[in-house]
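Quick note: the coordinates plus some simple rules give every number you see, no bench work behind them. It should be emphasised that the depicted structure is a prediction, and the values quoted were computed from it without experimental measurement. All Cβ positions, even for glycine, are placed from backbone atoms using ideal geometry, and neighbour counts span all protein chains on display.
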Amino acid sequence: MTAATPGAPGASSGEGFSGGARLWLEGLGGLRNAVRQELVGRQVEEQITHRFPVGQRLRVLDVGMGQGTQALRLARAGHRVTGLEQDAAMLAVAHAALAAEPAGIRDRVELVEGDGRETGAHFEPGSFDVVLCHGVLMYVSEPDAMLAGLARMLAPGGLLSLLVRNGDALALRPGLAGDWAGALAAFDTVDYTNRLGLDVRADRLADLTATLSGIGAPLHTWYGVRVFTDGTEAAAELPPDEELERLLAAEERAGRTDPYRGVAALLHLCGVRG
């Protein structure tokens, strides 16, 4: 088995990420990111399979696509993908990755430079069957308006896929590292400093559930992402294939099973446009 190429967090929100883009790009290739990208890719594929007829070529918008891991994965599956990205470094990497693909895949991908909070300036309402917004909301101080804009991009029955930092489990990482002061502080806030050294924010499941209902894309299902491997270093190497398969199987099982999914580092929420 070949693990998915690790991907960058989305940076099209226009807040917070630019200072960390170089550090993120330098850290590509590690276990934590490979686990994230492979699990989320499988989960998106599962939701698409459940929601749309087999063989339907979907219109996909990837907001804050980073270097395009999920966008390319979906294009390889036959879908037409538009990637929206504001950060110049990330966009350059995405262009390079796309250039290495066969012509048939290149023809299905459009890369657009732009801010994820301004989707209405780039696209017509109802233009997409699937909208991805992965690793973006933590960089947006007031995400509700942005989320409403993303929901407007969806056709009826369309899928909204959000990947966020889990605000209900912020104390876990410092606690497991023996940082007791950090763990205690994390119980009472959704603000934190990420591994890129940026001040960002997490989201609580209950809050996002209410928001999704309010914007007409109520929560259909949710997963936890990185229950067991969040504590590994960003550059930790992937284990041999057989062990990696077992690791991913354990992470995938935990990500859909209570109580484990509730303490994952990341939450993957899937809403459906009414």
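What list of ³J(HN,Hα) couplings, whole Hz, do you get for region 48-53 from phi and the Karplus terms 6.51, -1.76, 1.60, once you set θ to phi - 60° and write x for glycine and proline?
4, 4, 6, 9, 10, x
Of the peptides 118-128, 158-168, how do they stack up when ordered by the mean number of other Cβ atoms within 10 Å, highest first?
The densest-packed peptide leads the list: 158-168, 118-128.
From the square roots a ≥ b ≥ c of the eigenvalues of the alpha-carbon gyration tensor of region 18-272, which class results: rounded (a/c under 1.5), prolate (a/b over b/c), or oblate?
Here region 18-272 falls in the rounded category.
For n ≥ 4 DSSP H runs only, could you compute -39500 (n - 2.57) per run for the chain, divide by its residues and tell me the 222 nm figure to the nearest 500?
-10000 deg cm²/dmol
In percent, how large is the relative contact order of the chain, given Cα pairs closer than 8 Å and 6 or more residues apart?
Relative contact order here is 23 percent.
Label region 220-274 by shape, choosing from rounded, prolate and oblate, from the square roots a ≥ b ≥ c of the eigenvalues of the Cα gyration tensor; if a/c is under 1.5 it is rounded, and otherwise prolate applies when a/b is larger than b/c, oblate when it is not.
Judged from the Cα gyration tensor, region 220-274 comes out prolate (a/c at least 1.5, a/b above b/c).
Per-residue counts of other Cβ atoms within 10 Å, averaged by peptide: what ranking do you get for 135-142, 256-263, highest first?
Packing proxy ranking, top to bottom: 135-142, 256-263.
I'd like to know which of Leu248, Gly274, Phe123 lies farthest towards the positive end of the charge dipole of the chain, counting +1 on Cβ of Lys and Arg and -1 on Cβ of Asp and Glu.
Of the listed residues, the answer is Gly274.
Can you work out ³J(HN,Hα) from phi for every residue in region 98-104, in order, using Karplus 6.51 cos²θ - 1.76 cosθ + 1.60 and θ = phi - 60°, giving whole Hz and x for Gly and Pro?
5, 4, 7, 7, x, 4, x
How long are the semi-axes of the ellipsoid equivalent to region 41-161, from square roots of 5 times the Cα gyration tensor eigenvalues, in whole Å, largest first?
Working through the eigenvalues yields semi-axes of 20, 19, 12 Å.
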